[in-house]
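Student: Questions regarding the structure given below will be posed in turn.
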Amino acid sequence: MAVIIDGKKIADKILDEIKSKVSKLENKKPSLAVILANDNPSSALYVNSKEKKSKSIGFNSFVYRFDKEVEQGTIKNLIIKLNNDPNINGILLQLPLFNHLDERELIELINPKKDVDGFHPINVGKLNCGLKPYAKCCTPKGIIRLLKEYSIELTGKNALVIGRSNIVGKPVAAMLLNENATVSVAHSKTKNLKEHTLRADIIISATGCAHLIKADMVKKGSVIIDVGIVKKDDGTLLGDVDFENVKNVAGFITPVPGGVGPMTIASLLENTYELYLEQLEN
Ligand code: GUN
């Protein structure tokens with residue numbers, strides 16, 4: 001039976017540490033601005049939860065919500081205003097956006113030093129060069145932190161990332177490579193996924209396909225990190241991994257919920273705090 005990786009506990013520890021540091025600040029508090037320009041209920045939930053957690057640790061949180069009539073120019077002007085506002089430390093553009101909006105143009109307009117998601121090409125480029133980005137993408141950063149908290153060795157290990165999104169798959173692959181893992185990336189066009197999963201010491205699955213990973217697809221003792229989250233009609237949440245069966249084969253496994261999810265928010269607030277400190281110095 002695998003060790004269950006407790007993301008909630010580690011996220012709470014990170015947030016408590018930041019809260020305690022923030023309570024001692026005499027000058028202005030770290031401030032996060034979030035832009036929500038879609039009507040997807042999950043995004044609204046994520047944004048509400050980011051706002052609540054930010055406030056609970058003493059940050060200022062500003063959320064800008066737009067309806068589907070919003071024009072690209074309105075969001076561009078808001079980003080320019082936030083870039084120039086010395087009271088804002090981090091800017092988060094919640095993805096996805098309404099279809100008519102140009103995501104690339106908006107991401108590239110965010111000042112890389114306020115890019116709390118690490119999505120700007122300057123930050124992506126730094127990460128891929130093995131340099132320190134101003135901020136590292138939140139979910140991948142949270143995953144690496146979980147692996148380190150559980151003292152899971154990465155050097156020389158076969159790590160398989162499933163999914164090639166700019167939000168999770170590609171940046172986590174870059175981070176694992178920076179940690180000296182031997183990294184493969186599988187995706188929707190990959191043939192014989194099982195051949196790849198059976199070779200992996202570590203699997204990071206970020207597809208959103210409920211229970212894609214079954215017990216007979218994983219190597220005994222391997223580390224299974226589940227980034228997927230799908231809500232069924234009855235409200236239950238399912239990950240990419242068939243947790244109940246895979247946990248009998250794996251060495252370590254993250255649950256859904258309570259695994260990677262809480263770490264994403266903890267990393268976001270940690271990034272906001274780090275950007276705040278850097279901006280204080282300049
Ligand atoms: N949508 C899903 N995950 C994320 C994330 O980490 N950041 C942003 N901005 N949007 C997302």
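Laboratory data are not the source of any read-out in this text; all were calculated from the coordinates shown. Here the structure is a predicted model, which is why all the values come from computation and not from measurement. Positions of Cβ are backbone-derived with ideal geometry, glycine not excepted, and every protein chain shown enters the neighbour counts.
Student: Bin width 5 Å, origin at 0, all Cα-Cα pairs of the chain: what percent of pairs per bin?
Tutor: Using 5 Å bins, I get a P(r) of 1, 6, 12, 16, 18, 16, 13, 9, 5, 2, 0, 0 for the chain.
Student: Compute log10 of I(q)/I(0) for the range 12-127 with the Debye formula, placing one identical point scatterer on every Cα and leaving out solvent, at q = 0.09, 0.13, 0.15 Å⁻¹, to two decimals.
Tutor: With no solvent term, the Cα-only Debye profile gives -0.25, -0.53, -0.70.
Student: Divide by every residue of the chain the summed helix terms, -39500 (n - 2.57) for each DSSP H run of at least 4, and state the resulting mean residue ellipticity at 222 nm, rounded to the nearest 500 deg cm²/dmol.
Tutor: Only helices count here, giving -12500 deg cm²/dmol.
Student: I need to check one value: relative contact order of the chain, counting alpha carbon pairs closer than 8 Å and at least 6 residues apart, in percent.
Tutor: For the chain, the relative contact order is 22 percent.
Student: Taking N as the number of residues in the range 174-231, what is its Cα Rg relative to 2.2 N^0.38 Å?
Tutor: Relative to the rule-of-thumb radius for its length, the range 174-231 sits at 1.12.
Student: Same structure again: What aspartates and glutamates does Lys191 reach when the alpha-carbon gap must be under 19 Å and sequence neighbours fewer than 8 apart in one chain are set aside?
Tutor: Correct list for Lys191: Asp216, Asp240.
Student: Equivalent-ellipsoid semi-axes (√(5λ), Cα gyration tensor) for the range 114-188, whole Å, largest first?
Tutor: Square roots of five times the eigenvalues give 19, 14, 11 Å.
Student: Now a separate question. Using only Cα positions of the range 233-282, each an equal point scatterer, no hydration layer, compute I(q)/I(0) via Debye at q = 0.13, 0.21, 0.25 Å⁻¹ and quote the log10 values to two decimals.
Tutor: -0.51, -0.80, -0.94
Student: As I understand it, the dipole of the chain uses +1 on the Cβ of Lys and Arg and -1 on the Cβ of Asp and Glu, about the Cα centre. Which of Pro140, Ala11, Gly251 lies farthest toward its positive end?
Tutor: Of the candidates, Gly251 comes out farthest on the positive side.
Student: Determine one quarter of the surface area of the Cα convex hull of the range 46-192, which equals its mean projected area, and express it in nm² to one decimal.
Tutor: The Cα convex hull of the range 46-192, projected and averaged over all directions, gives 10.8 nm².
Student: Taking the alpha-carbon centroid of each part, what is the distance from the range 202-252 to the range 1-62 in angstrom?
Tutor: 25
Student: Dipole size in debye (nearest 20) for the range 174-282 around its Cα centre, Lys and Arg Cβ +1, Asp and Glu Cβ -1?
Tutor: 660
Student: Starting from the Cα of Lys189, draw a straight line to each of the lysines and keep only those under 21 Å, dropping any in the same chain fewer than 8 residues away.
Tutor: Filter leaves Lys170, Lys214.
Student: Rounded to whole Å, give me the distance from the Cα center of the range 76-99 to that of the range 137-192.
Tutor: 28
Student: Same structure again: Convert each backbone phi in the range 255-260 into a coupling constant with the Karplus relation 6.51 cos²θ - 1.76 cosθ + 1.60 (shift: θ = phi - 60°), then list the ³J(HN,Hα) values in order as whole Hz, x for Gly and Pro.
Tutor: Coupling constants for the range 255-260: x, 10, x, x, x, 6 Hz.
Student: Against the longest principal axis of the chain, how steep is helix 41-56, in degrees 0 to 90 to the nearest 10, with axes from Cα atoms?
Tutor: Orientation of helix 41-56: about 70 degrees from the principal axis.
Student: Run the reach check for Lys157 against aspartates and glutamates, Cα to Cα strictly under 16 Å, same-chain hits fewer than 8 apart removed. What comes back?
Tutor: Hits, sequence-local ones excluded: Glu179, Asp201.
Student: Given axes a ≥ b ≥ c from the Cα gyration tensor, I'd like to know whether the range 162-282 is rounded (a/c under 1.5), prolate (a/b larger than b/c) or oblate.
Tutor: It comes out prolate by the Cα gyration axes.
Student: About its Cα centre, what dipole magnitude does the range 98-253 give when the only charges are +1 on Lys and Arg Cβ and -1 on Asp and Glu Cβ, stated in debye to the nearest 20?
Tutor: Roughly 440 debye for the range 98-253.
Student: Report the charge-dipole magnitude of the chain in Debye, nearest 20, computed about the Cα centre from +1 at each Lys and Arg Cβ and -1 at each Asp and Glu Cβ.
Tutor: 440
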